[in-house]
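Just so it is clear, none of the values below were taken in a lab; they were calculated from the coordinates. Computed from a predicted structure; not experimentally measured. Please note: Cβ atoms are built from the backbone with ideal geometry, for glycine as well, and neighbour counts cover all protein chains shown.
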Amino acid sequence: MTLIELFRNEFEHEARTTRRHLERLGDEHFAWRPHAKSFTAGGLASHIVTCVGLAEPVLGSEELDVDPAAFQPYRAGSARELLEAFDGKVARGLELLAATTDEGLATPWRLKFRGVLKFERPRAVVFRDFTLSHLIHHRGQFTVYLRLLDIPVPATYGPTADESR
């Protein structure tokens with residue numbers, strides 16, 4: 001199995017798992033937050049969509065040049081909009097993975113802030129960090145939100161207390 005096949009399988013698995021989590025969030029919980037310093041539930045779910053969407057600049061270009069002053073984070077207005085955006089970002093990520101080779105994953109990728117280089121790393125390392133690990137991290141946070149909202153938590157890497165009863 002090639003590295004790109006491993007990444008594709010992992011991306012598909014994590015996306016399927018994440019979608020099952022996002023499907024549980026209803027519009028009525030979008031504004032809820034567990035703490036004043038925390039994302040709202042809708043904000044965290046929207047950030048998860050952004051994490052999946054990072055596959056596009058990482059796999060589809062040689063760099064990302066961010067202007068923090070102009071950056072507008074994605075914010076879903078409803079559960080339906082959230083899932084549509086998520087599905088679109090996943091589909092685009094899968095397209096880009098299909099068009100990428102192991103050699104392409106070894107090429108350098110750069111992150112810049114207003115033209116200033118922050119780092120340059122192999123594309124595979126950035127895809128793992130920015131897309132997969134970032135997604136998994138925030139999905140873990142989201143499971144806590146679901147639990148605190150008394151919404152049954154779906155399986156992630158095995159059954160949850162909600163599914164084993």
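One residue stands out in the range 109-149 among those that are among the small types (Gly, Ala, Ser) and assigned to a helix (DSSP H, G or I): the one that is surrounded by the fewest Cβ atoms within 10 Å (Cβ to Cβ), namely GLY140. In summary, helices (runs of 4 or more DSSP H) completely within the range 1-95 and bearing 2 or more residues that are more than 18 Å from the chain's Cα centre (by Cα) and not aromatic (Phe, Trp, Tyr) occur at 3-22. Name the residues in the range 103-139 that are touching a strand residue (DSSP E or B) at 6+ places or on another chain (Cβ under 6 Å) and touching a residue at least 60 places away in the same chain (Cβ under 8 Å), would you? Matches in the range 103-139: ARG123, VAL126.
Per-residue answers, yes or no, for (1) exposed (fewer than 15 other Cβ atoms within 10 Å of the Cβ); (2) in contact with a helix residue (DSSP H, G or I) (Cβ under 7 Å, 6 or more places away or on another chain):
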| site | (1), (2) |
| --- | --- |
| ALA41 | no, yes |
| LEU44 | no, yes |
| VAL58 | no, yes |
| GLN72 | yes, no |
| ALA76 | no, yes |
| ARG80 | yes, no |
| LYS89 | no, yes |
| ASP102 | yes, yes |
| THR107 | yes, yes |
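Checked against (1) touching a residue at least 40 places away in the same chain (Cβ under 8 Å); (2) closer than 18 Å to GLY88 by Cβ, PRO34 passes all but a single condition, namely (2).
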